[in-house]
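Colleague: Structure provided below as structure tokens; questions to follow.
The values are calculated or read from the model by the stated rules, or taken from the named source; none is laboratory data. Fair warning: this is a prediction, and the values are worked out from it, not measured in the lab. Cβ: placed from backbone, ideal geometry, glycine included. Neighbour counts: every protein chain shown.
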């Protein structure tokens with residue numbers, strides 16, 4: 001039976017071993033109550049690494065129950081390529097609504113994946129640039145390890161994603177004992193190599209630009225998140241007001 005996922009002392013921090021390595025490499029631990037975050041520069045590339053607790057909350061009457069699911073590692077780093085690319089499970093990509101959504105936002109699905117990436121689909125803003133990336137033997141060799149365990153049921157985010165100016169990685173939810181330097185040092189190094197390969201390719205013929213909210217989220221994540229929440233809540237309130245207005249109109253006819 002797995003040990004309880006709790007913090008008792010700094011030594012129980014599941015990112016401790018990884019954090020020590022990152023600090024040795026020149027990154028700094030950032031104060032944050034919601035996650036363990038390290039940021040700085042690795043080989044001239046801005047990098048942010050975070051370990052966050054994952055939990056599921058449900059209510060029974062007025063009582064709230066929280067179940068600890070484990071921990072998730074996320075890595076973000078600069079990558080001077082102006083395109084969008086994400087790897088998702090092929091089964092998800094084939095769903096009608098998902099295909100419509102991709103088409104609506106100008107994304108193309110690349111299904112001719114190299115060996116080791118069977119079962120995945122690349123969702124790209126520039127399909128030709130993506131095929132060029134996948135044709136690079138080193139990139140094709142790195143991606144299966146980076147995508148291992150991602151995209152499965154319960155893992156909602158793309159494991160590897162490229163946005164204008166940034167390459168990111170999100171791990172599956174794992175137990176604290178799985179957060180070892182042996183496991184995640186190759187992931188960090190693999191992402192650095194993948195970013196370098198992407199930057200050395202000819203630029204995309206159809207370049208993508210950062211949206212305003214994306215720039216804000218990168219520059220000031222907390223402020224950007226608050227604005228995003230405000231937009232969502234504003235939309236909910238607007239829909240609610242329209243619905244109530246419709247009910248009043250129907251009732252007074």
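Colleague: Quick check on residue 18: is it surrounded by 17 or more Cβ atoms within 10 Å (Cβ to Cβ) and at pLDDT below 85? Full working, then the answer.
Modeller: On the way: surrounded by 17 or more Cβ atoms within 10 Å (Cβ to Cβ): yes; at pLDDT below 85: yes.
So residue 18 passes the test.
Colleague: I'd like to know if segment 118-125 contains one or more residues that are under 24 Å from residue 52 (Cβ atoms) and surrounded by 21 or more Cβ atoms within 10 Å (Cβ to Cβ).
Modeller: no
Colleague: Specify the residue that is surrounded by the fewest Cβ atoms within 10 Å (Cβ to Cβ); the eligible residues are those in segment 73-106 that are assigned to a loop (DSSP other than H, G, I, E, B) and modelled with pLDDT of 85 or more. Please lay out each step first, then the result.
Modeller: Taking segment 73-106 and keeping what is assigned to a loop (DSSP other than H, G, I, E, B), we get 80-84, 94-95, 105-106.
Next, from what is left, pick out any that are modelled with pLDDT of 85 or more: 80-84.
Details: 80: 13, 81: 26, 82: 19, 83: 22, 84: 22.
Applying the filter and picking the extreme gives 80.
Colleague: With the structure loaded, tell me whether residue 137 is modelled with pLDDT of 85 or more, farther than 17 Å from residue 162 by Cβ and surrounded by fewer than 19 Cβ atoms within 10 Å (Cβ to Cβ) or whether it fails that test.
Modeller: yes
Colleague: Under 7 Å by Cβ, and 6 or more places apart or on different chains, what pairs join a residue from segment 42-56 that is farther than 18 Å from residue 27 by Cα with one that is modelled with pLDDT of 80 or more and in a strand (DSSP E or B)?
Modeller: Close Cβ pairs satisfying both conditions: 53/71; 54/71; 54/72.
Colleague: Residues of segment 179-203 being touching a strand residue (DSSP E or B) at 6+ places or on another chain (Cβ under 9 Å) and either touching a residue at least 24 places away in the same chain (Cβ under 8 Å) or in a loop (DSSP other than H, G, I, E, B) (or both), which ones?
Modeller: Within segment 179-203, 179, 184, 187, 188, 190, 191, 192, 194, 195, 198, 199 qualify.
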